[in-house]
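Please read the structure below before turning to the comments.
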Amino acid sequence: MKLKKINEKLQLGLVENGLTEANEVQKETFSTLKSGADCVIFAPKGSGKTTAIVMNVIQRLAGSNEESPRALIMVEDKAKVLEMEVLFEKYGKHTSLEVYGVHEKGDMDYDKNYVSTGIDVLIGTPTKLSDMFSTAGYNVNRLKMFVIDDADVLLRARHETKIMRISDSIAKTQRIIFSDLYTERVAILADKMLIEPYEFDFEEGEEEDDDFEEEEGDEENANN
């Protein structure tokens, strides 16, 4: 994959899984995400956001391991947790990163104990992560990345309080918001969480305009 200064182990994992060319979202955001800057990224479903998250977490964390999590990723549900775990296993197979996912269906005591043994990346749902962080004294001072995936979906489910509670507990980290759609709720969350963020918008907004024009055309034809 032709990306500037991409980690060799990440590159190998991507190529082995057939990812030889970055798509628009992955290519346009890679350098900025790699820099450690806060970002908000709007892109439709199927645009490669999840792969972009996994790629950039591996890029930033590969090459070292620590006892405390260095990346925290919040996702919608158990299915998304499992999907992302699989991608980390595939694309990060040549690294030694320890990735662990948690969700409401898991055993709380087991999850807390496992995380305490030392992992690099923690993926979880808002409710499970909120419960874990409120009952266990995890060291969040080593976090390099706090990523919110599908922010518009999480906010529709009224998870803003859980998101902000965790964000406020982290003194300094790179905060990244991914969203399918630009909504007022996402904009407000970004304003609360992010510091001078870079904004990327890959939304397919022209489709609504085309539909509107077609409706106007139909009305004119009907009137004629």
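Kirkwood-based Rg over Rh for the chain (C-alpha set), two decimals? In the chain, Rg relative to Rh is 1.03.
Taking VAL86, VAL25, VAL147 as the candidate residues, the one with maximal mean-square fluctuation in a Gaussian network model of the chain, Cα springs under 10 Å, is VAL86. Listed cross-link partners LYS2/LYS144; LYS2/LYS162; LYS4/LYS45 are compared with a 27 Å cut-off, the Cα-Cα value being larger for LYS2/LYS162.
The C-alpha atoms of the chain define a longest principal axis, and helix 78-91 lies at about 70 degrees to it. Within the listed set GLY13, GLY46, GLY63, the Gaussian network model of the chain (springs between alpha-carbon atoms below 10 Å) gives the highest mean-square fluctuation for GLY46.
The stretch 145-206 and the stretch 48-81 have Cα centres spaced 16 Å apart. Amide H contacts under 5 Å for ILE73: LEU122, ILE123, GLY124, VAL147, restricted to partners 5 or more places along the chain or on a different chain, H placed in the peptide plane at 1.01 Å from N. Helix 184-193 and the long axis of the chain differ in direction by around 30°, with both axes built from C-alpha atoms. Kindly identify the stretch 1-79 as rounded, prolate or oblate by the Cα gyration tensor criterion: order the square roots of the eigenvalues as a ≥ b ≥ c, call it rounded if a/c is under 1.5, otherwise compare a/b with b/c, prolate if a/b is larger, else oblate. Rounded, since a/c falls under 1.5. Comparing mean-square fluctuations of GLY92, GLY106, GLY124 from a GNM of the chain with C-alpha springs under 10 Å, the top value falls on GLY106. Using the rule -39500 (n - 2.57) for each DSSP H run of four or more residues, divided by the residues of the chain, the 222 nm mean residue ellipticity is -15000 deg cm²/dmol. The HN-Hα couplings worked out from phi for the stretch 92-105 by the Karplus form 6.51 cos²θ - 1.76 cosθ + 1.60 (θ = phi - 60°) are x, 5, 9, 10, 9, 5, 9, 10, 9, x, 10, 7, 4, 7 Hz, whole numbers, x standing for Gly and Pro.
Under 16 Å from a point 7 Å along the Cα-to-Cβ line of ILE195: which residues of the stretch 168-185 have their amide N that close? It comes to 168-177, nothing else.
Read the figures in this text as sums done on the coordinates, not as results from a lab. Computed from a predicted structure; not experimentally measured. With ideal geometry, Cβ positions are generated from the backbone for all residues, glycine too; neighbour counts draw on all protein chains shown.
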